[in-house]
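Enquirer: Would you mind keeping the following structure in view while I ask a few things?
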Protein chains: 2
Amino acid sequence: MERVAIIDMGSNSIRFIVIQVADNKSYRLEYQQKEAIRLGRGMSETGRLNPEGVERAMACLHVYKHMMEVLQVTKCIAVATAAARNAADGEAFIARIKQETGIDIEVISGEREAYLGYLGVVNTIDERNYLQFDLGGASIEVSLVRDRKIVESVSVPIGAVTVTDAFNLADKVTGAAVERCCDFVRKKYEEMIPWAEGLNLPVIGVGGTVRNLAKMDQAQTNYQLSRIHNYIIPRRRFEEMYTSIVKSNLSSRKRMKGLSSERADLIVAGGIIINTLMQFTGGQNIIVSGCGLRDGVFFEYYGEQYGYGEKAEKGPIVPNVLRESVHNYLLSADHRMEHLERVRNLALSLFDQLKRSHGATRRDRSLLEVAAWLHDSGKVVNYYDHARHSAFIIAHAPLYGMRQLEQLKAAFIAGFHHGISNKIMRAYRYAMMLTQADWKKVRQLALLLALAEAADVTYEGVVHKIDVADDEEAVVLSLRGKKGEDHSAAEFEMKSYCKQFKKEYGKPLIIMWQKN
Amino acid sequence: MERVAIIDMGSNSIRFIVIQVADNKSYRLEYQQKEAIRLGRGMSETGRLNPEGVERAMACLHVYKHMMEVLQVTKCIAVATAAARNAADGEAFIARIKQETGIDIEVISGEREAYLGYLGVVNTIDERNYLQFDLGGASIEVSLVRDRKIVESVSVPIGAVTVTDAFNLADKVTGAAVERCCDFVRKKYEEMIPWAEGLNLPVIGVGGTVRNLAKMDQAQTNYQLSRIHNYIIPRRRFEEMYTSIVKSNLSSRKRMKGLSSERADLIVAGGIIINTLMQFTGGQNIIVSGCGLRDGVFFEYYGEQYGYGEKAEKGPIVPNVLRESVHNYLLSADHRMEHLERVRNLALSLFDQLKRSHGATRRDRSLLEVAAWLHDSGKVVNYYDHARHSAFIIAHAPLYGMRQLEQLKAAFIAGFHHGISNKIMRAYRYAMMLTQADWKKVRQLALLLALAEAADVTYEGVVHKIDVADDEEAVVLSLRGKKGEDHSAAEFEMKSYCKQFKKEYGKPLIIMWQKN
């Protein structure tokens, strides 16, 4: 077993995480701490690190050093970004840290910062082409990603802390000040990232400002989940929030729903930097990433040590984001993997052969696959009602590569793997996020999973293959297996879903054992 | 590792469970099957087992035998009750089972049946004095429990299946037939359990009929959980359901909300037997137990092999139901036990010293203890938001010894262990089951847990002891630990709850380090 600590010292905050890598190579977050140190405060005037920020950082690092011993950390990777990079006394500060705590912090270049942020996103969000930004306290990294490869990447030295200071935006701001600031930011973009103008690609945002905007949107629209990663802020909502932020003074911002009072001073500058970027590039919505630099540091390290994908190929890029995170989560518990694999294969085979009847998409197929792999995960809570507990776990586990609504759909497909029941909607408020059409699709796919699970009810793989005749009048499943094996239990279980099948697919289901 | 299979062949249904006992002696349910075989159908006329029932039972037993091999069961305990006990061909049937499947089934006496049912209840419900009944297909076991010991126990040979047959109660019934049946049942009680008359003790009910009545009540009153064990059916609600059941014919019963269509024929007889018992003994409400005979079989076996309680004393009775189940659940995952124990001790110490300010009861103290032990259990779902996930797990885990509402309170106390947040109520619909007063108590206790957790934020036990001065004007916590140890992180974390403390306790919280 390994324990990897990652420290990310930015201009606004310092973060510390510890990830455990088990002997079977599964990894999971074990500890995290975060502190607003504001190292970059006042830097735009003085060119030096904020003295109180330096002491706050030292105090945190002493604690982290200590926690690394307590937690028996085997490897520490520490990086520092814009503040330490740009300050005249940055180097001396890093030396002091080394001397006082023994922690070796690497001051990384803007380019490497952007690259690590890119790794954090490309390995946790399933998009191929997008513009990514990571807004920190003293800089914004902007990267262009095409076909999951980073093709442009620039660190623009404007950040939420430094711009707040430079334009005096912490409290009440005048329209003229906002305009001046927007002009300044836009000129920086024109100068440093001219390739981003009018791109009109999906925009993925990283950093405290955009995370807090997501929280505001969730609080103000009564969103039923409180997860940030892969949340989408519609352009219109972003503009509404932006407008209300720049119009308010500090004390009324502190009372805004969802806005952290710690960030109420920086949010104007942050909002301007993002809004100007959105106008500059022409992006429609903002996809929020909860993963960024520190996740990128981990993905790079893990990929080098252990590799990703079925062949465990070395390298920093996860080939299939969704599959990797599901596989990793599965490894953390004691599962009957052969059963899961058989159920997954049968469910997908039913999906493919019944395409005409359900008309579901390739994405839906992925959701069915996730549900199949994780349909028994709820047993860790309680064997009884484990289908419903699996739904809870899938909705909340650290799975990547699905939109939030997709993750909920996968959750409910698994939740119905012992048949359709309304009880599940009774338990979870976020069930109301699905539309009637979503529920129809969930129920149709859930029945395929239920049939696949029933086919392996005895955990022995008696059903090797299911041939489907998807006729106008009826659906016929012909089960195939080894001659002489007892398949009565599987057949019996499968037949128990005929009634629900007819209801959801509008035609009868006939199940027979194929003689051969 | 051990895997224990238990088969319980009754007059109405047959049940099969497999419980895994891990190397660290923690046990958890791994598999279960249940089939309505109706072995006792028609027995009151013929005196013999129902021939179709016999074949259904044989088919099930073949499947179970097979599953025991697949699941690598190391020990099988199989028992048969009233039908096999009373039928003329019972013995021959048991011999046939042995011959065809190799499964050794023990036909147990009515007294032993009652005793095992008693073990299932006394080890999973935290009551000391009560009347217990277990209504099966061909008999009802009635036991009197005083101070957790069984003092009377009789198997009365009337059951849901046999009485349905004898009085022809499957479909539409006349008022006269109901009256005749009630008279018959009452006479049996007068004859066989005269000691139960007018007892006026809490009544705990076991068996399919009472479980189904609980489900009906939950469905008809929009109850937000779908858990049966330790659910309470109020006397008035029982009578309402009973009245509507005996008035309806089979087809309208099949449409009743919450009534299983499989049981719609037996529910009249079942209702009469229970209603007559309630009138006879004078019990007010029915506490429903989802655990019974098969759980009792397991508790007896496990207690003999491994023992219960801190000293692992051999014997079938769990000394502290709540503690045992929490401890068992904890063992099934990888936890920092020392941290949990410190947090538990500090939380309870704060509770005891602040009694005057919160005025909470001894039961509340137990709930705080459960929350303390399990406050980190949600990490198995996701480190992020783990407090809220712990709330989910505590609400759904197989914990015994708490009423359902108590279990929810313990869940929400743990859910707030990083501070009070309204988000938790957004996620779970069953949050609405708590009253304003419940929430107040939950928040007050949660803050004690949050303070205790904060005191051990570094997992090192720097805070050995907290002395509380609970003054009219303020609460002062004096922290004590080893001289020279760094306690700044703990102090800092604890102080972050001062504001919430003032809100919930109505006076300021002062935290200081005690010099000594």
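Enquirer: Evaluate the stretch B:392-404: report whether one residue or more is over 26 Å from A:Gln224 (Cα atoms) and either assigned by the TED database to the domain that holds B:Ile204 or touching a Phe, Trp or Tyr at 6+ places or on another chain (Cβ under 6 Å) (or both). Before the answer, list the steps.
Expert: Pass one, the stretch B:392-404, residues over 26 Å from A:Gln224 (Cα atoms): B:398-403.
Filter once more, so that each one left must be either assigned by the TED database to the domain that holds B:Ile204 or touching a Phe, Trp or Tyr at 6+ places or on another chain (Cβ under 6 Å) (or both): none.
No: the stretch B:392-404 contains no residue that is over 26 Å from A:Gln224 (Cα atoms) and either assigned by the TED database to the domain that holds B:Ile204 or touching a Phe, Trp or Tyr at 6+ places or on another chain (Cβ under 6 Å) (or both).
Enquirer: Additional query: Looking only at strands (runs of 3 or more DSSP E) that fall completely inside the stretch A:20-131, which ones have 2 or more residues that are closer than 26 Å to B:Val457 by Cβ and at pLDDT 95 or above?
Expert: Details: elements: A:27-36, A:75-80, A:105-107.
Answer list for the stretch A:20-131: A:75-80.
Enquirer: Considering each of A:Glu30, A:Glu69 in turn, give the residue that is of a type in the set (Asp, Glu), open to solvent by 40 Å² or more (accessible area, probe 1.4 Å) and not assigned by the TED database to the domain that holds A:Ala138.
Expert: A:Glu69
Enquirer: Considering B:Tyr459, B:Tyr383, which residue is within 9 Å of chain A (Cβ to nearest Cβ) and touching a Leu at 6+ places or on another chain (Cβ under 7 Å)? Steps first, answer last, please.
Expert: Numbers: B:Tyr459 fails: touching a Leu at 6+ places or on another chain (Cβ under 7 Å).
Going through B:Tyr459, B:Tyr383 in turn, the sole match is B:Tyr383.
Enquirer: Would you point out which residue out of B:Ile77, B:Ile105, B:Ile19, B:Ile37 is of a type in the set (A, V, I, L, M), in contact with a Ser or Thr (Cβ under 7 Å, 6 or more places away or on another chain) and either open to solvent by 10 Å² or more (accessible area, probe 1.4 Å) or within 14 Å of chain A (Cβ to nearest Cβ) (or both)? Walk me through it before giving the result.
Expert: Numbers: B:Ile77 fails: in contact with a Ser or Thr (Cβ under 7 Å, 6 or more places away or on another chain); B:Ile105 fails: in contact with a Ser or Thr (Cβ under 7 Å, 6 or more places away or on another chain); B:Ile19 fails: in contact with a Ser or Thr (Cβ under 7 Å, 6 or more places away or on another chain).
From the options B:Ile77, B:Ile105, B:Ile19, B:Ile37, the qualifying one is B:Ile37.
Enquirer: Check B:Glu300, B:Glu313, B:Glu304, B:Glu262 and return the single one that is within 26 Å of B:Glu113 (Cβ to Cβ), of a type in the set (Asp, Glu), open to solvent by 10 Å² or more (accessible area, probe 1.4 Å) and touching a strand residue (DSSP E or B) at 6+ places or on another chain (Cβ under 8 Å).
Expert: Only one candidate passes the filter, namely B:Glu262.
One line per residue, one yes/no per condition, for (1) open to solvent by 10 Å² or more (accessible area, probe 1.4 Å); (2) under 29 Å from B:Ser244 (Cβ atoms); (3) touching a strand residue (DSSP E or B) at 6+ places or on another chain (Cβ under 6 Å); (4) not assigned by the TED database to the domain that holds B:Ile233:
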{"residue": "B:Gly117", "(1), (2), (3), (4)": "no, yes, yes, yes"}
{"residue": "B:Glu141", "(1), (2), (3), (4)": "no, yes, yes, no"}
{"residue": "B:Asn168", "(1), (2), (3), (4)": "yes, yes, no, no"}
{"residue": "B:Tyr189", "(1), (2), (3), (4)": "no, yes, no, no"}
{"residue": "B:Trp195", "(1), (2), (3), (4)": "yes, no, yes, no"}
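Enquirer: What about B:Glu30, is it among the acidic types (Asp, Glu), touching a strand residue (DSSP E or B) at 6+ places or on another chain (Cβ under 6 Å) and within 30 Å of B:Val154 (Cβ to Cβ)?
Expert: no
Enquirer: Any idea which residue in the stretch A:225-276 is nearest to the other protein chains (Cβ to nearest Cβ), counting only those that are modelled with pLDDT of 95 or more and touching a Phe, Trp or Tyr at 6+ places or on another chain (Cβ under 6 Å)?
Expert: Selected residue: A:Gly271.
Enquirer: When you check B:Ala450 against the structure, is it of a type in the set (A, V, I, L, M, F, W, C), within 14 Å of chain A (Cβ to nearest Cβ) and either open to solvent by 10 Å² or more (accessible area, probe 1.4 Å) or under 20 Å from B:Arg365 (Cβ atoms) (or both), yes or no? Reasoning before the result, please.
Expert: Details: of a type in the set (A, V, I, L, M, F, W, C): yes; within 14 Å of chain A (Cβ to nearest Cβ): no; either open to solvent by 10 Å² or more (accessible area, probe 1.4 Å) or under 20 Å from B:Arg365 (Cβ atoms) (or both): yes.
Here the answer is no, as B:Ala450 does not meet what is asked.
Enquirer: Further, regarding this structure: Among the residues of the stretch A:241-259, which ones are open to solvent by less than 50 Å² (accessible area, probe 1.4 Å) and closer than 26 Å to A:Pro202 by Cβ?
Expert: A:Met241, A:Tyr242, A:Ser244, A:Ile245, A:Val246, A:Gly258, A:Leu259
Enquirer: While we're here: Within the stretch A:486-512, restricting attention to residues that are in contact (Cβ under 8 Å) with a residue 24 or more places away in the chain and within 14 Å of chain B (Cβ to nearest Cβ), which residue is most open to solvent (accessible area, probe 1.4 Å)?
Expert: A:Asp486
Enquirer: Do we have A:Ile158 as at pLDDT 95 or above and of a type in the set (A, V, I, L, M) here?
Expert: Numbers: at pLDDT 95 or above: no; of a type in the set (A, V, I, L, M): yes.
Criteria not met by A:Ile158.
Enquirer: Follow-up question, since we're still on this one. Search the stretch A:337-364 for residues being within 14 Å of chain B (Cβ to nearest Cβ) and buried (at least 16 other Cβ atoms within 10 Å of the Cβ), and hand back the single one that is farthest from A:Leu449 (Cα to Cα).
Expert: Among them, the one singled out is A:His339.
Enquirer: Go through (1) in the same structural domain as A:Ile272 (by the TED database); (2) farther than 30 Å from A:Leu399 by Cβ one by one and return the number of the condition A:Asp104 breaks.
Expert: Result: A:Asp104 passes all but (1).
The values are calculated or read from the model by the stated rules, or taken from the named source; none is laboratory data. Model, not experiment: these values are computed from the prediction. Cβ coordinates were reconstructed from backbone atoms using ideal geometry, including for glycine residues, and neighbour counts include every protein chain displayed. With ligands, DNA and RNA removed, areas are computed over all heavy atoms of the protein, side chains included. Shrake-Rupley method; radii C 1.70, N 1.55, O 1.52, S 1.80 Å.
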